[in-house]
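What follows is one structure encoded as structure tokens, with my remarks underneath.
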Amino acid sequence: MQDSTKLIHSIPVDELTGAISVPIYQTSTFVQEAPGINKGYDYARSGNPTRAALESIVAELEEGTVGLAFGSGLAAIDAVLKLLKSGDEIIAVDDIYGGAFRLFTQVYEKFGITVHYVDATHPENIFNAITPNTRLIWIETPTNPTLKIADIQAIAVIAKSNRCLLCVDNTFASPALQKPLSLGADIVVHSATKYLGGHSDIIAGLVVAKDPELGAKIKFMQNACGNILGPFDSWLLIRGIETLPLRIKQHCSNAQAIAEWLEAHPAVDKVFYPGLQSHPNHQIAKKQSRGFGGIVSFTLKNDTEAAATAVVTSTKLFKLAESLGGIKSLLCHPAQMTHKSIPDKKRHAAGVSDSLIRLSVGLEDVEDLIEDLKESLVKQQKNTTFGYIFESEAPLTLQKETN
């Protein structure tokens with residue numbers, strides 16, 4: 001059975017009523033026949049039928065055994081980190097998502113958990129960073145926002161030989177394109193706010209574990225800490241997942257066309273997209289994914305925050321906003337937005353330059369999107385030519401960091 005068919009039919013028909021759509025069980029508690037004797041549910045923090053349907057669906061999509069739904073992507077990450085104890089160490093990708101970096105450094109490091117950041121595009125970097133205290137290897141692939149690709153299968157071998165857990169943030173690819181558990185990973189996390197939800201109308205996070213015992217440990221954290229996804233948002237997420245295969249095809253098609261167009265533009269310095277032959281990890285992406293995703297990042301030849309600000313504030317179809325993965329196209333300037341919490345020196349070392357712009361390519365007609373970018377880049381070039389933007393110019397403030 002093909003994945004698209006499997007996905008649609010993994011969404012259950014309600015046994016009680018025959019409803020084709022999963023019902024929303026908007027309740028806080030469940031009546032018990034006697035103390036401890038119930039129909040599988042007692043209190044909605046511990047379990048809810050709508051959330052349980054979602055968790056079962058995502059476990060099947062990711063080819064895992066236990067799926068768990070949380071109130072946000074960061075809450076999902078937090079639940080995984082709670083598997084660790086003081087003295088344990090993590091190896092993480094160097095251009096990690098800013099929110100994860102903030103959680104690692106400002107919350108967990110003060111509890112005695114050490115994090116080492118490496119370029120995971122070379123598996124030997126991970127191998128060389130392992131110590132006797134390493135318990136968790138954390139990778140994003142593609143990474144946010146430079147779209148580096150890590151070889152999941154090779155890193156899984158390293159993790160297992162050193163008795164480390166391998167967790168893969170699969171947000172950018174989604175299970176429609178990439179299945180890390182089948183490549184040897186132990187845990188997959190998602191900001192389900194992005195492609196799985198797909199409509200920019202919910203905040204949600206997901207964890208899928210390959211091993212039932214590991215899944216039970218994370219489920220304990222979910223219940224003990226109470227960071228759950230509510231029934232209505234669970235239902236919205238199920239509804240979004242139903243159209244994931246169709247949406248992801250168009251995201252990939254549009255992104256490929258835009259990446260190729262940007263690569264030929266005279267104002268653009270570098271384009272980051274795994275679907276380009278010029279991408280250094282193109283062959284690995286091709287090996288482990290069925291598509292290259294809907295995110296494209298690029299830098300300007302005028303590598304300043306001011307030049308990037310001029311571009312991101314002049315588009316009409318691409319809306320300046322946090323987040324990604326929705327049907328409408330978005331763009332952001334990571335240096336001032338999603339990666340603002342990362343020190344400049346570390347950000348630059350990871351490849352997130354001052355002018356880097358991240359596009360979340362939506363489902364609009366690709367010719368309209370290219371025309372929008374074309375006009376914006378022309379405006380930026382004119383401003384630069386006539387001296388309105390200089391490298392010494394102070395960056396314009398877009399907004400406070402919210403992600």
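Assorted remarks:
Quick grid of which residues meet (1) of a type in the set (D, E, K, R); (2) out of contact with any Asp or Glu (no Cβ under 6 Å at 6 or more places or on another chain); (3) at pLDDT 95 or above; (4) under 22 Å from P180 (Cβ atoms):
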{"residue": "I11", "(1), (2), (3), (4)": "no, yes, no, no"}
{"residue": "D14", "(1), (2), (3), (4)": "yes, yes, no, no"}
{"residue": "G67", "(1), (2), (3), (4)": "no, no, yes, yes"}
{"residue": "A75", "(1), (2), (3), (4)": "no, yes, yes, yes"}
{"residue": "D94", "(1), (2), (3), (4)": "yes, no, no, yes"}
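- Residues located in segment 1-55, provided they are hydrophobic (A, V, I, L, M, F, W, C), touching a residue at least 12 places away in the same chain (Cβ under 8 Å) and over 26 Å from E242 (Cα atoms): F30
- Filtered residue count, segment 268-285, keeping only those that are among the charged types (D, E, K, R) and free of Cβ contacts under 8 Å to residues at least 12 places away in the same chain: 0
- Candidates in segment 16-65 are the residues that are assigned to a loop (DSSP other than H, G, I, E, B), hydrophobic (A, V, I, L, M, F, W, C) and farther than 30 Å from F172 by Cβ; of these, the one that is modelled with the lowest pLDDT is L16.
- Inclusion of F298 among residues that are crowded, with 17+ Cβ neighbours inside 10 Å, without any contact (Cβ under 8 Å) to a residue 60 or more places away in the chain, of a type in the set (A, V, I, L, M, F, W, C) and more than 28 Å from E62 (Cα to Cα) is not warranted.
- Residue in segment 245-274 that is nearest to G325 (Cα to Cα), counting only those that are touching a strand residue (DSSP E or B) at 6+ places or on another chain (Cβ under 9 Å) and among the small types (G, A, S): A255
- Selection status of T131, in contact (Cβ under 8 Å) with a residue 24 or more places away in the chain, surrounded by fewer than 23 Cβ atoms within 10 Å (Cβ to Cβ), part of a loop (DSSP other than H, G, I, E, B) and of a type outside the set (D, E): yes
- The test for being in contact with a helix residue (DSSP H, G or I) (Cβ under 9 Å, 6 or more places away or on another chain), in the same structural domain as N227 (by TED's automatic domain parsing) and within 23 Å of F172 (Cβ to Cβ) holds for I90.
- Which listed residue is at pLDDT 95 or above, more than 25 Å from T5 (Cβ to Cβ) and outside any helix (DSSP H, G or I), from I258, I203: I203
- The residues in segment 151-181 that are in contact (Cβ under 8 Å) with a residue 12 or more places away in the chain and assigned to a loop (DSSP other than H, G, I, E, B) can be counted, and the count is 13.
- The requirement of being hydroxyl-bearing (S, T, Y), within 20 Å of the chain's Cα centre (by Cα) and not assigned by TED's automatic domain parsing to the domain that holds S353 is fulfilled somewhere in segment 97-113, by at least one residue.
- Options T17, T50, T65: the member that is among the hydroxyl-bearing types (S, T, Y), in contact with a strand residue (DSSP E or B) (Cβ under 7 Å, 6 or more places away or on another chain) and assigned by TED's automatic domain parsing to the domain that holds T134: T65
- Answer from V115, V80 - the residue that is among the aliphatic types (A, V, I, L, M), out of contact with any Leu (no Cβ under 6 Å at 6 or more places or on another chain) and part of a helix (DSSP H, G or I): V80
The values are calculated or read from the model by the stated rules, or taken from the named source; none is laboratory data. Bear in mind the structure is a predicted one, so any value in this text is a computation, not a measurement. All Cβ positions, glycine included, derive from the backbone under ideal geometry; neighbour counts span all protein chains shown.
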